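Here the structure comes first, spelled out in structure tokens, and everything after it is commentary.
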Amino acid sequence: MTKQILKAHKVRLYPNEEQQIFFAKSFGCTRFIWNRMLSDKIEHYKNTKTELKNTPAQYKKEFEWLKEVDSLALANVQQNLRAAYSKFFKGFGFPKFKKKDTATATPPTTKKAQ
């Protein structure tokens, strides 16, 4: 049996001002979409006892500033929320609303922050 060696590299980023703005918008919009979609799911379930299948695209019509960030970051929020919401019905804890001071995860993106 061969022994497998795993390596890791730690990288520290020093974004310029434009990149910092890009990251701040991405974090803020992903947190907003999570909280908004979760609250809409809760309200819909209270009223109809069925699960709401909402998408970030529905919110872009109402909140134009959501178009400024990467759509894949918002789509990943939708997938993560759907997974968390379905896990709740399998006996896990209820999804929590996200706070600004605890948002430490990096939103996945394909756009370059130049």
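The values are calculated or read from the model by the stated rules, or taken from the named source; none is laboratory data. Please read these numbers as outputs of a predicted model, since none were measured by experiment. All Cβ positions, even for glycine, are placed from backbone atoms using ideal geometry, and neighbour counts span all protein chains on display. With ligands, DNA and RNA removed, areas are computed over all heavy atoms of the protein, side chains included. Shrake-Rupley method; radii C 1.70, N 1.55, O 1.52, S 1.80 Å.
Contact map, segment 74-93: first residue more than 11 Å from residue 34 (Cα to Cα) and open to solvent by 50 Å² or more (accessible area, probe 1.4 Å), second residue among the aliphatic types (A, V, I, L, M) and part of a helix (DSSP H, G or I), Cβ cut-off under 9 Å, separation 6 or more or different chains; pairs are 92/84; 93/84. The C-beta contact set for segment 1-27 (first residue closer than 21 Å to residue 72 by Cα and of a type in the set (Gly, Ala, Ser), second residue open to solvent by 100 Å² or more (accessible area, probe 1.4 Å) and not in a helix (DSSP H, G or I), distance under 9 angstrom, 6+ apart or interchain) comprises 26/106.
Within segment 19-32, the only residue that satisfies the criterion of being open to solvent by 50 Å² or more (accessible area, probe 1.4 Å) and small (Gly, Ala, Ser) is 24. None of 47, 16, 35 is under 19 Å from the mean Cα position of the chain (by Cα) and either open to solvent by less than 100 Å² (accessible area, probe 1.4 Å) or not small (Gly, Ala, Ser) (or both) except 35.
Is it the case that residue 5 is farther than 17 Å from residue 68 by Cα, among the hydrophobic types (A, V, I, L, M, F, W, C) and open to solvent by 60 Å² or more (accessible area, probe 1.4 Å)? When the stated conditions are applied, residue 5 passes them.
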